[in-house]
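Novice: Right, I'll just put the structure down here and ask away after.
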Amino acid sequence: MQVLRKLLFPISLIYGIIVFLRNRFYDVGIFSSTSFTTKTICVGNLSVGGTGKTPMIELLVRTLSDNYDVAILSRGYKRKSQGFLLSDEKTSVENLGDEPFQLKSKFPKVAVAVDADRRNGIHQLEKMVDPDVILLDDAFQHRKVKPEFSILLTAYDGLFTKDWYLPTGDLRDSKREANRAEVIVVTKCPSNLSQSEKSKVLLSIKPKSHQKVFFSYLVYNTDLKGAEISLKSLKDKKVTLVTGIANPAPLENFLKSYGIVFDHLRFNDHHFFTPTEIENLKRKDTILTTEKDYVRLKSKIPNLHYIEVKHEFLFGENELFKEELKQFMSKNS
């Protein structure tokens, strides 16, 4: 696969030129970006693959929802519905998409909507919900909307600064577009990241004067959900790990460090399981999966457990990150 990606380098050059021209047209006003009166916070990345966008949205909801009416707008990738959809208790995961459904299940009082047309989605939320702030999930490259505050995520082991355009690399947008972010979060760091390693990453990113850079690592909840048991109770069981996410390596490494022995059935990101696959999973003794996969599998197979994950900031900067959000929300309010 790596050899093939290198052979496709000419295509990545063409892709890079198209991305450059598109962004340039927005910069000079040939293409227009729309601003909104409702406060908007964009969470996204420059690359394909998992950088922890959904746990970041969850962190924002937990931080803001006590004091503000929060709404979430997502594209709803691979959903079976079309156009704008505001979720309610009857909305299915197939029509909403797995990640928005996960968010709605976890935060039932938060308005969660999907629309590939982000401008229309914001207009509809303003009309139907009138929230204080709209969280734009995976919208950094959607320049038809000009968010007031942007959080750019980049994984520690896949920094955008060291990447290249698709299909040779994983970049779907230009590195220079990172300059549009107010906050850059380096995600999935080692929990024992040293100050010297932090300095190396900062030298690579070269943040602008208006930008704050934070470093986070993933924390897995050892109290499993779905059926209330602890992770340590799986040490003597025959466990099957089922994942349909972009990068399951951090979860694999965590389970191994915890002494869990497992077989791993790995599917593509946002995979919707076929009846044959469901029947195969039903024959497994104990299944451990991610929260995103759980919302597609629950009520379909027994012995299903999922493990929650969240961001924690390194170097004692949890409160500093929250302060950035509070300052944004209080501005011009």
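The values are calculated or read from the model by the stated rules, or taken from the named source; none is laboratory data. Quick caveat: nothing in here was measured; it's all calculated off a predicted structure. Ideal geometry is used to build each Cβ from the backbone, glycine not excepted, and the neighbour counts take in all protein chains shown. Heads up: the accessible areas ignore ligands, DNA and RNA and are worked out on the full protein's heavy atoms, side chains in. Shrake-Rupley method; radii C 1.70, N 1.55, O 1.52, S 1.80 Å.
Novice: Tell me which residues come under 5 Å, amide H to amide H, from PHE149 once H is placed; ignore anything under 5 positions away on its chain.
Specialist: Result for PHE149 returns THR40, CYS42.
Novice: For the full complex of protein chains and a 1.4 angstrom probe, list HIS305, HIS123 by accessible area with the highest value first.
Specialist: The ranking, largest first, comes out as HIS123, HIS305.
Novice: On a 1.4 Å probe surface of the protein chains, which of THR40, THR34 comes out largest in accessible area, and what is the full order?
Specialist: Largest to smallest exposure gives the sequence THR34, THR40.
Novice: Now for a different question. For ILE14, ILE307, give the ranking by accessible area with the largest first, probe 1.4 Å.
Specialist: ILE14, ILE307
Novice: If you place +1 on the Cβ of every Lys and Arg and -1 on the Cβ of every Asp and Glu, how big does the dipole about the Cα centre of the chain come out, in debye to the nearest 20?
Specialist: Computed about the Cα centre, the dipole is about 740 debye.
Novice: Moving to a separate point now. If each of LEU320 and LYS90 carries a label point 7 Å out from its Cα toward its Cβ, how far apart are those two points in nm?
Specialist: 4.9
Novice: Which of the residue pairs LYS53/LYS146; LYS206/LYS322; LYS198/LYS292; LYS104/LYS282; LYS53/LYS80; LYS80/LYS322 have a Cα-Cα distance greater than 28 Å in the structure shown?
Specialist: Checking Cα-Cα distances, LYS198/LYS292; LYS80/LYS322 exceed 28 Å.
Novice: Counting other Cβ atoms within 10 Å, which trypsin sites (Lys or Arg not before Pro) in segment 284-333 have at most 12 and lie in a DSSP loop?
Specialist: For trypsin sites (Lys or Arg not before Pro) across segment 284-333 that sit outside H, G, I, E and B with at most 12 neighbouring Cβ atoms in 10 Å, the list reads LYS331.
Novice: Another question, if that's okay. Considering only DSSP states other than H, G, I, E and B, which trypsin sites (Lys or Arg not before Pro) in segment 46-123 qualify as loop sites with at most 12 other Cβ atoms within 10 Å?
Specialist: In loop regions of segment 46-123 (DSSP not H, G, I, E or B), the sparsely surrounded trypsin sites (Lys or Arg not before Pro) are LYS80, LYS90, LYS109.
Novice: Run the paramagnetic zone check for ASP130: 7 angstrom along Cα to Cβ, then residues of segment 24-43 with backbone nitrogen under 14 Å.
Specialist: Hits in segment 24-43 for ASP130 at 14 Å: 38.
Novice: Which of these values of P(r) over Cα pairs in 10 Å bins from 0, in percent was calculated from the structure shown: [x] 6, 27, 36, 24, 6, 0, 0; [y] 5, 24, 33, 27, 10, 1, 0; [z] 6, 26, 31, 23, 11, 2, 0?
Specialist: For P(r) over Cα pairs in 10 Å bins from 0, in percent, the calculated option is [y].
Novice: Output the relative contact order of segment 41-108, whole-number percent, from Cα pairs under 8 angstrom with separation of 6+ residues.
Specialist: 26
Novice: Which loop-located chymotrypsin sites (Phe, Trp or Tyr not before Pro) does segment 1-33 contain, where loop means any DSSP state but H, G, I, E or B and the Cβ has at most 15 other Cβ atoms within 10 Å?
Specialist: Here the sparse-neighbourhood loop sites are PHE31.
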